[in-house]
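**Student:** The structure is given below, and queries will be raised subsequently.
Values quoted throughout were computed directly from the atomic coordinates according to the rules given, and no laboratory measurement underlies them. Here the structure is a predicted model, which is why all the values come from computation and not from measurement. Note: ideal-geometry Cβ built from the backbone for every residue, glycine included; neighbour counts use all protein chains shown.
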Amino acid sequence: MSTGKITDWVHPDDKSGEFKRGQSVFRNWISREPGAEFPPEKDRYHLYVSYACPWAHRTLITRKLKGLEEIIPFTCVHWHMGENGWRFATADEKLPGENVTPDPVHPEFTHLRDIYFSVDPEYKGRFTVPALYDKKTKRIVSNESSEIIRMFYYEFDDLLPEKYRSIDLFPPHLRSEIEATNEWTYNDVNNGVYKSGFATTQEAYERAVTALFSSLDRIEAHLVAKQASSSGDNSPFYFGNTVTEADIRLYTTIVRFDPVYVQHFKCNVRDIRSGYPAIHRWLRTLYWDVPAFRETTQFEHIKKHYTKSHSQINPFGITPVGPVPDILPKDEEVAVVAKLRK
């Protein structure tokens, strides 16, 4: 439940200074089981996202990996979040990225909150992306990204050609490892950058940032071992030679790390490009070699959203120029790394 302004990431009365992420409210499930309330159908569901948001970014990557582009259309909101939450771009605004447009399902709506209130006029929570909307029942199926991506894994397979049905992002033999990794990665990394950046006391910030970098060290060690044990480039991903949920969930934080979190959220113990060579190699493999990652990553949305929407952190809304480039090519390194490798 929201107890303050939407831009109050830590309630002013909370003396702990800790950012506490709210729970998603809509937790229904699309299922291909007979008699399901929300069965898989082409063009029945509409996905609302922001290119800036790492949680929404998960759903765009998964949608593309599973070949759902013709089955689940989407709309991306404007990168700016104000007092009324996410707004839709207007017809005259030309922002980078696919489908950054007015809402095609509800042309009269100007903000994402309008959809939430149309579903529940008494809604008291945050107006978050992603939101998966059912055009037939006029309800929000889910606004929980971790569950939306799992719906995308299998529930639409009967509508897909074999090449997409065969893509398994949550393979049974890796599920226990993925689940175990998800738990600490979510708490310390995905959410850890927010707990660092939105902290309002020194103690809360230092607890969060210490846990964050301890977990990044753990990820680095895992990837070093994984890459060292492979022959050539046979094991470039988190759990082997194919992309899994672990890659998707971690990527959306790491790709934002150097451009935003280092400076904006004070996550500056190390950056990725000079401090974590194995993570940096893994990140660039996903970005440059797997189109679903690169084509859904929009750095202008990412950098402008954080720096111009979080006025309590950056009151003048100045967006730093660097780092340049936003992501390095696979065959280039920052000068200090390149020198060490000689």
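**Student:** For segment 45-165, what are the per-bin percents of Cα-Cα distances with bins 10 Å wide, up to the bin holding the maximum?
**Tutor:** Per 10 Å bin, starting at 0, the Cα pair percentages come out as 13, 47, 32, 8, 0.
**Student:** Additional query: For the ranges 138-148, 328-338, 177-187, what's the packing order if you count other beta-carbon atoms within 10 Å of each residue, average per peptide, and put the highest first?
**Tutor:** Packing proxy ranking, top to bottom: 138-148, 177-187, 328-338.
**Student:** Using θ = phi - 60° and the Karplus form 6.51 cos²θ - 1.76 cosθ + 1.60, what ³J(HN,Hα) does each residue of segment 256-263 get, whole Hz, x for Gly and Pro?
**Tutor:** Listing the rounded values in order: 8, 5, 5, x, 10, 5, 4, 8 Hz.
**Student:** So if R0 is 25 Å, what FRET efficiency would S311 and D120 give, r being the distance between their Cβ atoms, rounded to the nearest 0.05?
**Tutor:** With R0 = 25 Å, the Cβ-Cβ based efficiency is 0.35.
**Student:** When the dipole is taken about the Cα centre of the chain, and only Lys, Arg (+1) and Asp, Glu (-1) are charged at their Cβ, what size is it in debye, to the nearest 20?
**Tutor:** That gives a dipole near 580 debye.
**Student:** Which order do the peptides 75-87, 301-313, 32-44 come out in when sorted by mean C-beta neighbours inside 10 angstrom, highest first? Spell out each step's value before the answer.
**Tutor:** Details: 75-87: 20.3, 301-313: 18.5, 32-44: 13.2.
Those peptides, ordered most packed to least, come out 75-87, 301-313, 32-44.
**Student:** Expressed as a fraction of 2.2 N^0.38 Å, the rule-of-thumb size for a compact globular protein of N residues, what is the C-alpha radius of gyration of segment 173-341? Working shown, then result.
**Tutor:** Values: Rg = 16.0 Å, N = 169, 2.2 N^0.38 = 15.5 Å.
Compactness ratio reported: 1.04.
**Student:** Which ³J(HN,Hα) values in Hz, rounded to whole numbers, follow from the phi angles of segment 248-255 under the Karplus curve 6.51 cos²θ - 1.76 cosθ + 1.60, where θ = phi - 60° and Gly and Pro get x?
**Tutor:** Result, ordered by residue: 4, 5, 7, 3, 5, 7, 5, 5 Hz.
**Student:** Using only Cα atoms, what Kirkwood radius does the chain have, in angstroms?
**Tutor:** Details: mean 1/r = 0.0477 Å⁻¹.
So the Kirkwood estimate lands at 21.0 Å.
**Student:** Provide the per-residue ³J(HN,Hα) series for segment 171-185, in order, calculated from phi with Karplus coefficients 6.51, -1.76, 1.60 and θ = phi - 60°, each as a whole number of Hz, with x at glycine and proline positions.
**Tutor:** So the Karplus estimates, Gly and Pro as x, are x, x, 6, 10, 4, 5, 5, 5, 4, 5, 5, 3, 4, 7, 5 Hz.
**Student:** Counting only DSSP beta bridges with both residues in segment 45-165, tell me the antiparallel percent, nearest 5.
**Tutor:** Percent antiparallel among DSSP bridges in segment 45-165 is about 75.
**Student:** Based on the mean of other Cβ atoms within 10 Å per residue, sort peptides 93-104, 120-131, 51-62 so the most packed one is first.
**Tutor:** 51-62, 120-131, 93-104
**Student:** Per-residue ellipticity at 222 nm for the chain, helices alone: DSSP H runs ≥ 4 residues times -39500 (n - 2.57), over residue total, nearest 500 deg cm²/dmol?
**Tutor:** When only DSSP H runs of four or more count, the value is -11000 deg cm²/dmol.
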